[in-house]
Amino acid sequence: MSTQEDLDLSAHEVGTDERVKEQKRFQRLLIRPEMGSVAGAIAIFVFFLIVADPFRSLDSFATVLYASSTIGIMACGVALLMIGGEFDLSAGVAVTTSSLAASMIAYNLHLNLWVGVLFALVISLGVGFFNGYLVMRTKIPSFLITLGSFLMLTGINLAVTRLVSGHVATPSVSDMEGFDSAQKVFASTITIGDVSIKITIVWWLLFTAVASYVLFKTKIGNWIFAVGGNQDSARAVGVPVKAVKIGLFMTVGFAAWFVGMHLLFSFNTVQSGQGVGNEFLYIIAVVIGGCLLTGGYGTAVGAAIGAFIFGMTNQGIVYAGWNPDWFKFFLGAMLLIAVIANSAFRNYAAKR
Amino acid sequence: MSFVAGRRRLTVLAGSTVVVLGLAACSSTGGRPNSSEAETETGTADTPRATVAMITHEVAGDSFWDLVRKGAEAAAAKDNIELRYSSDPEAPNQASLVQNAIDSEVDGIAVTLAKPEALAPSVRDAVADGIPVTALNAGMDEWKKMGVTAFFGQDEEISGEAAGQRLNADGATNSLCVIHEQGNVGHEARCAGVVDGFDGDTKILYVNGEDMPSVESTITAKLQQDPSIDYVLTMGAPYALTAVTSVANAGSNARVATFDTNAELVDAIGSGEVEWAVDQQPFLQGYLAVDSLWLYLNNGNVIGGGMPTLTGPAFIDSTNIDSVAEYARNGTR
């Protein structure tokens, strides 16, 4: 699907035709996919500024950004996949698989942790390839394929960990070689002024920028929109549909690897039962950010804003000191409002 | 991300890194201990081989239940018992597992009664079939009514009260009870106990236990929101270690304590990062639940004599950490 910004109006002579209503620059800005979520984010931000005193400090903002960043890195990969018209339910436990793989191979074979990190990358990309290949090969909806791999990974995480280590959690790797340098890359903290900023925030912004560039400035970006919009016509005009989709699943694998490494190097040990249910957080963030569940539409920036809204809501409730019994209710209500506002905004802007 | 070019680049990158790492791929520090784990040598009973089913409400992959299971396995190995372990956090499913055990005619059943109403019918069936049943960990008020022979565990509310009193002794005024599984009856009972036993203020905070970064930032957020919090209490060892990071993030002076232990936590208590842990001795719960069945089957004994046998709350702190540390490293404490 070609979006508005693909058309370079200045390069063409646009004949005035009464059937084509010309859109103003402002309106074109309004119908960008992430505009609804931007408005939602601003509204939620202002709301918490008013109701929660501690929300106003820079330290809290750094905490909110950190909470958003690990969701956001995954949401970035998941957004690309969803724009490409597919779904990944295994993304939550794939993160755990990745950190378990890195930890266990390095620990049991006495390897430098960087070997574990690379091994985990191979595993994570392999899981992505497995998902993508099966979806393309069988033509079964990715919802079902990845539901299968979600369950398989959950089982593998538990069974292999117990088989190898005899426990359900991996032992600490913090005294092994390579830990310090790997921690610098995946889990360090940068202090600017008095504010400590986790490095995942930097990576999150970088990944979002790269994904946006790929989506809107490269041929591959066009391919992603094409396979998400209409797979058959994309194939008809020569888009390598299979490669694109498998690549997108592997991109999610890459993101899962990255977050998995963050978990390992910031918490030293991994519990093998972790991660179940987190796939929904990523999908929620992406959908809030304006990506359509049906594919072909959305942006990486939107996914980042979606993750930010999620982090803000999650932490804002705590900063506001609300009765924790209602925690999940508040969270659900905020998310629902964000999504409805998002969709209303899009409809309103599109009608004008 | 551009994956076609990216994949090629990645192959090159991965290839070259492997070469570089190949030169220095081994870690001379840390890693798996070279000697195999010291197993307690207990010998094996020459009583006829029996089959015992242990059915818990474990959420898969929780390090606490690992210890319970290890205890059960240790007892089974010593008693010439074949142990069939299964678990399901959903009460109806756990009840079906009990039914399965009855159908396969096991010689004894050890079961957790976290949701007693749901499990009572199948437990009664087992007792009616002449299968001895022991209960462990949860269900201290209900086990007797069902005809269960013995109970091993701690009263969660009493352990919470003990923790609350300990907070008083430590001079705390404002504590935070962190629950990583909203709606878990045991966790809620512990925090309710803390509220009763503690003279100061107790606030409850729910976190998403499946997502450690969010646990970390939520506790950080709470400490920033309420700087007067001077003690953080978690419901499991891994979350205590995360809380230590949150306290540092928030620049708070709060101290951290927890329920339940694992190997990393023992180190953290040794180094003073975590003050103490309420230990309910999960290994002992698993061990006694199986061993008591052996005693009952072979000699008609009932441990506890019809009263619950308490395995906690005992405190692990800097004064007794050394006696626990060795076993914790072996994964049995």
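Structure summary
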{"read-out": "Which listed residue is more than 30 Å from B:Gln224 (Cα to Cα) and aromatic (Phe, Trp, Tyr), from A:Phe225, A:Phe207", "value": "A:Phe225"}
{"read-out": "B:Ala14 being at pLDDT below 80 and not in a helix (DSSP H, G or I)", "value": "no"}
{"read-out": "Positions within the range A:102-114 being aliphatic (A, V, I, L, M) and touching a residue at least 40 places away in the same chain (Cβ under 8 Å), in sequence order", "value": "A:Ala102, A:Met104, A:Ala106, A:Leu113"}
{"read-out": "In the range B:276-311, residue farthest from B:Ala50 (Cα to Cα) [restricted to those that are assigned to a loop (DSSP other than H, G, I, E, B) and among the polar types (S, T, N, Q)]", "value": "B:Gln280"}
{"read-out": "The range B:239-260, residues that are within 12 Å of chain A (Cβ to nearest Cβ) and assigned to a loop (DSSP other than H, G, I, E, B)", "value": "B:Gly251, B:Ser252"}
{"read-out": "Those residues of the range B:86-97 which are among the acidic types (Asp, Glu) and either over 20 Å from B:Asp62 (Cα atoms) or surrounded by fewer than 16 Cβ atoms within 10 Å (Cβ to Cβ) (or both), in sequence order", "value": "B:Glu90"}
{"read-out": "Residue list for the range B:182-209, filter: touching a helix residue (DSSP H, G or I) at 6+ places or on another chain (Cβ under 6 Å) and within 22 Å of A:Thr63 (Cα to Cα)", "value": "B:Ile204, B:Leu205, B:Tyr206, B:Val207, B:Asn208"}
{"read-out": "All positions within the range B:125-141 that are buried (at least 20 other Cβ atoms within 10 Å of the Cβ) and part of a helix (DSSP H, G or I)", "value": "B:Ala126"}
{"read-out": "Helices (runs of 4 or more DSSP H) contained in the range A:172-285 and holding at least 2 residues modelled with pLDDT under 95, at the interface with chain B (Cβ under 9 Å from one of its Cβ atoms) and more than 18 Å from A:Gly302 (Cβ to Cβ)", "value": "A:241-267"}
{"read-out": "Looking only at the range A:166-179, and only at residues there that are in contact with a Ser or Thr (Cβ under 9 Å, 6 or more places away or on another chain) and not hydrophobic (A, V, I, L, M, F, W, C), the one that is surrounded by the fewest Cβ atoms within 10 Å (Cβ to Cβ)", "value": "A:Asp175"}
{"read-out": "Which listed residue is in contact (Cβ under 8 Å) with a residue 40 or more places away in the chain, of a type in the set (Phe, Trp, Tyr) and surrounded by fewer than 22 Cβ atoms within 10 Å (Cβ to Cβ), from A:Phe55, A:Phe45", "value": "A:Phe45"}
{"read-out": "Filter result for the condition that a residue is touching a helix residue (DSSP H, G or I) at 6+ places or on another chain (Cβ under 8 Å) and free of Cβ contacts under 8 Å to residues at least 24 places away in the same chain, over A:Ser188, A:Ser181", "value": "A:Ser188"}
{"read-out": "Residues of the range A:321-346 that turn out to be outside any helix (DSSP H, G or I), at pLDDT 80 or above and either out of contact with any helix residue (DSSP H, G or I) (no Cβ under 8 Å at 6 or more places or on another chain) or farther than 18 Å from B:Asn208 by Cβ (or both), as a count", "value": "1"}
{"read-out": "Qualifying residues in the range B:98-124 (those that are within 21 Å of the chain's Cα centre (by Cα) and part of a strand (DSSP E or B)) - the one surrounded by the most Cβ atoms within 10 Å (Cβ to Cβ)", "value": "B:Ala110"}
{"read-out": "Verdict on A:Ala182 being out of contact with any Pro (no Cβ under 7 Å at 6 or more places or on another chain), hydrophobic (A, V, I, L, M, F, W, C) and crowded, with 24+ Cβ neighbours inside 10 Å", "value": "no"}
{"read-out": "Every pair of residues 6+ apart whose Cβ atoms lie under 6 Å, when the first sits in the range A:151-162 and is more than 9 Å from chain B (Cβ to nearest Cβ) while the second is surrounded by 15 or more Cβ atoms within 10 Å (Cβ to Cβ) and among the hydroxyl-bearing types (Ser, Thr, Tyr)", "value": "A:Leu153/A:Ser90; A:Leu153/A:Thr97"}
{"read-out": "Number of the condition not met by B:Leu83 [criteria: (1) in a strand (DSSP E or B); (2) buried (at least 24 other Cβ atoms within 10 Å of the Cβ)]", "value": "(2)"}
{"read-out": "Unique match (being more than 11 Å from chain B (Cβ to nearest Cβ), among the β-branched types (Val, Ile, Thr) and farther than 30 Å from A:Gly193 by Cα) among A:Val135, A:Val122, A:Val117, A:Val46", "value": "A:Val135"}
{"read-out": "Identity of the residue in the range A:194-208, surrounded by fewer than 19 Cβ atoms within 10 Å (Cβ to Cβ) and free of Cβ contacts under 8 Å to residues at least 40 places away in the same chain, that ends up farthest from the chain's Cα centre (by Cα)", "value": "A:Val202"}
{"read-out": "Number of the exception - A:His167 against (1) free of Cβ contacts under 8 Å to residues at least 60 places away in the same chain; (2) within 10 Å of chain B (Cβ to nearest Cβ); (3) in a helix (DSSP H, G or I)", "value": "(3)"}
{"read-out": "Evaluation of B:Lys145 against (1) part of a helix (DSSP H, G or I); (2) charged (D, E, K, R); (3) farther than 23 Å from B:Gly186 by Cβ (one fails), failing number", "value": "(3)"}
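The values are calculated or read from the model by the stated rules, or taken from the named source; none is laboratory data. In this text the structure is predicted, and so the values were computed from the model without any measurement. All Cβ positions, even for glycine, are placed from backbone atoms using ideal geometry, and neighbour counts span all protein chains on display.
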